[in-house]
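Here the structure is laid out as structure tokens; the discussion comes afterwards.
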């Protein structure tokens, strides 16, 4: 119980430092601005028709390949310096212990990823609050955008997957989208954490590898949709009928669970065998 309390305390300290970091809020603001620009066409089209848009935009914000890259590059920027050791955190490590501190950073990565996607999913809709109609169905606007090229005729590009609308309810799609985005972001964060502790002093390795996986996602999403872990949680490329064309929901959950578990175990074990000196981690002297 004391170990859990120490890990939660260490993770909470990291979250508090993040909340005071202007870099973090700059990332959030930029990402919200990108999404507002992306969905602008949907609300313009609805206004032209005299309709209101239902609030189920979030499952489609990564439909455009470049937006998925931008969204997850935001995640990489958040976690590029994992395990977040600096002079202030050095004293937290001393009080909590290496193992508890490392586990606490895993908790912090999960919570920050959830907060990141909560902001991306709610703020753009709240910005268009008076143009939104709350209902438990997809609504005429999203359904029409999914089935026609109405937006393209206006010179706007916002991809609404008809597979998502066909196989999922709005609430189901919102829940799965948030869950899979959180799992993908956590996996990328733990990948960076793992690389940064196994290649101590070479933080570019984790950032470069995570960036490569993000870039591979749009390049291989049609030919090899399961090759990049960033592709696993794409709602438009999940085999809901389990006929073998893509990864099924069950397979996606198993892959995320195994990858995050392995990365976390490797990260915690390695961090416990490193020397923490001031604000840096390095190999222990033999």
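Taken over region 183-199, the residue count meeting the criterion of being assigned to a helix (DSSP H, G or I) and surrounded by fewer than 21 Cβ atoms within 10 Å (Cβ to Cβ) is 1. Of all residues assigned to region 225-241, none qualifies as being out of contact with any helix residue (DSSP H, G or I) (no Cβ under 8 Å at 6 or more places or on another chain), outside any loop (DSSP other than H, G, I, E, B) and either closer than 15 Å to residue 68 by Cβ or at pLDDT 85 or above (or both). Would region 11-26 turn up any residue that is under 18 Å from residue 122 (Cα atoms) and touching a helix residue (DSSP H, G or I) at 6+ places or on another chain (Cβ under 8 Å)? Checked against the condition, which is being under 18 Å from residue 122 (Cα atoms) and touching a helix residue (DSSP H, G or I) at 6+ places or on another chain (Cβ under 8 Å), region 11-26 yields at least one hit.
Here's the yes/no breakdown for (1) surrounded by 12 or more Cβ atoms within 10 Å (Cβ to Cβ); (2) touching a strand residue (DSSP E or B) at 6+ places or on another chain (Cβ under 9 Å); (3) within 24 Å of residue 171 (Cα to Cα):
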{"site": "9", "(1), (2), (3)": "yes, no, no"}
{"site": "17", "(1), (2), (3)": "yes, no, no"}
{"site": "22", "(1), (2), (3)": "no, no, no"}
{"site": "26", "(1), (2), (3)": "no, no, no"}
{"site": "41", "(1), (2), (3)": "yes, no, yes"}
{"site": "51", "(1), (2), (3)": "yes, no, yes"}
{"site": "55", "(1), (2), (3)": "yes, yes, yes"}
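For region 132-154, a residue qualifies if it is more than 26 Å from the chain's Cα centre (by Cα), in a helix (DSSP H, G or I) and at pLDDT 85 or above, and the qualifying residues are 140, 141, 144, 147. Restricting attention to region 155-171, the residues being surrounded by 13 or more Cβ atoms within 10 Å (Cβ to Cβ) and part of a loop (DSSP other than H, G, I, E, B) number 8.
So which residues in region 200-217 are modelled with pLDDT under 85 and surrounded by 19 or more Cβ atoms within 10 Å (Cβ to Cβ), if there are any at all?
Hit for region 200-217 is 217, nothing else.
Given the criteria at pLDDT 90 or above and in a helix (DSSP H, G or I), does residue 102 qualify? Yes. Scanning region 203-218 turns up one or more residues that are out of contact with any strand residue (DSSP E or B) (no Cβ under 6 Å at 6 or more places or on another chain), over 27 Å from residue 253 (Cα atoms) and assigned to a loop (DSSP other than H, G, I, E, B).
Summed over region 84-99, residues that are in a helix (DSSP H, G or I) and within 16 Å of residue 197 (Cβ to Cβ) total 5. Would you check if residue 49 is in contact (Cβ under 8 Å) with a residue 40 or more places away in the chain and closer than 25 Å to residue 176 by Cβ? It is false that residue 49 is in contact (Cβ under 8 Å) with a residue 40 or more places away in the chain and closer than 25 Å to residue 176 by Cβ. Residues being within 14 Å of residue 127 (Cα to Cα) and assigned to a helix (DSSP H, G or I) are represented in region 45-59 by at least one member. For region 64-92, the set of residues classified as modelled with pLDDT under 85, in contact with a helix residue (DSSP H, G or I) (Cβ under 8 Å, 6 or more places away or on another chain) and surrounded by fewer than 19 Cβ atoms within 10 Å (Cβ to Cβ) consists of 64, 65, 66, 88, listed by residue number.
The values are calculated or read from the model by the stated rules, or taken from the named source; none is laboratory data. Worth saying up front: this structure is predicted, and the values here are computed from it rather than measured. Don't worry about glycine lacking a Cβ; one is built from the backbone with ideal geometry, like all the others, and counts go over all protein chains shown.
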